[in-house]
Amino acid sequence: MGAREVSITATLTALAIALALFPLQYPFPPLSFLKFDIAELPVMIVSVMLGPVYAFISSIILGLAYVSRDPIGAIFKTLAILSMALPISSAVYIMPKIKNKRLGIYMLAIFSVIIRSACMTLADYVLIPIIYTPGIPLETVASWFGMNLGVFLWFIFLFNILQGLINIIPGVVIVLSLPKEWAPEWLRSSE
C-alpha cells in the first residue's frame with residue numbers, strides 16, 4: 001500500500017461517508033424502502049483507479065457508516081456496493097490488455113451493474129424474510145406493495161440497475177477525465 005493509494009482511498013471514502021450521512025436520498029416510488037443516493041460514487045472512483053483491495057476497504061468502511069442510520073439496511077447497502085465495486089475494480093487487471101480502454105471500461109461498468117442487480121435481487125429474496133420480516137414469506141411482503149413476488153423482484157432488479165448506473169457511470173467519466181499524472185496506471189499506459 002503506497003501513500004498515494006492510501007490517501008486517495010481515505011479521501012474518497014471520507015467523501016462517500018459525508019454523502020451517506022447527508023440526507024440526500026430519494027425513495028424508489030414502487031418500493032419506498034429502496035433509496036437512491038450518490039454516496040457510492042466515490043467508492044466507484046476508488047474501485048476503478050486502485051483495484052479490488054482498495055475497493056473492498058472503501059466499501060466496508062462506507063457500509064459501516066450506514067450502520068448509524070439503519071443497521072439492517074447497512075447489510076444490504078454493503079452487499080450492493082461490494083457486488084458492484086469488486087467487478088469494476090478488476091479494471092486494473094483487465095484494462096491493460098484491452099486496446100480500446102474507454103469502451104472497455106464502460107462495458108465493464110455495465111457488466112458490474114448487472115452483477116450488482118442480480119446479486120441484490122437474490123440477496124433480497126433470501127435475506128428479507130430472514131432479517132427484515134422474520135417468519136413472513138416474501139410473497140406476503142410483496143403483497144404489502146400491491147405486487148406479486150415476480151413483479152416485486154423485478155422492481156428490486158430495476159432499482160439496482162438504476163442505482164448502479166447513477167453511481168458507476170459518473171465514476172468512470174471522472175476517472176477518464178483525470179489529468180494524466182492522476183490517472184490510474186492502466187489508463188496512463190494507453191496514452
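The figures follow:
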quantity: Unmet requirement for THR9, which otherwise passes all of (1) in a helix (DSSP H, G or I); (2) buried (at least 17 other Cβ atoms within 10 Å of the Cβ); (3) over 11 Å from the mean Cα position of the chain (by Cα); (4) at pLDDT below 95; calculated: (4)
quantity: Pick from segment 155-191, criterion over 25 Å from PRO27 (Cα atoms), of a type outside the set (A, V, I, L, M, F, W, C) and under 21 Å from the mean Cα position of the chain (by Cα), ranking: modelled with the lowest pLDDT; calculated: PRO184
quantity: Residues of segment 74-113 classified as touching a residue at least 12 places away in the same chain (Cβ under 8 Å), surrounded by 16 or more Cβ atoms within 10 Å (Cβ to Cβ) and within 17 Å of the chain's Cα centre (by Cα), total; calculated: 23
quantity: Lone qualifier among ALA142, ALA118 - being in contact with a Phe, Trp or Tyr (Cβ under 7 Å, 6 or more places away or on another chain), in a helix (DSSP H, G or I), closer than 25 Å to SER32 by Cβ and aliphatic (A, V, I, L, M); calculated: ALA142
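Let's see how each residue does on (1) more than 29 Å from TRP144 (Cα to Cα); (2) modelled with pLDDT of 95 or more; (3) in a helix (DSSP H, G or I):
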{"site": "PHE33", "(1), (2), (3)": "no, no, no"}
{"site": "PRO42", "(1), (2), (3)": "yes, yes, yes"}
{"site": "ILE57", "(1), (2), (3)": "yes, yes, yes"}
{"site": "ILE72", "(1), (2), (3)": "no, no, yes"}
{"site": "ALA85", "(1), (2), (3)": "yes, yes, yes"}
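The values are calculated or read from the model by the stated rules, or taken from the named source; none is laboratory data. Computed from a prediction, not measured in an experiment: that's the story for all the values here. Quick reminder, even Gly has a Cβ in these numbers, built from the backbone with ideal geometry, and neighbours come from all protein chains shown.
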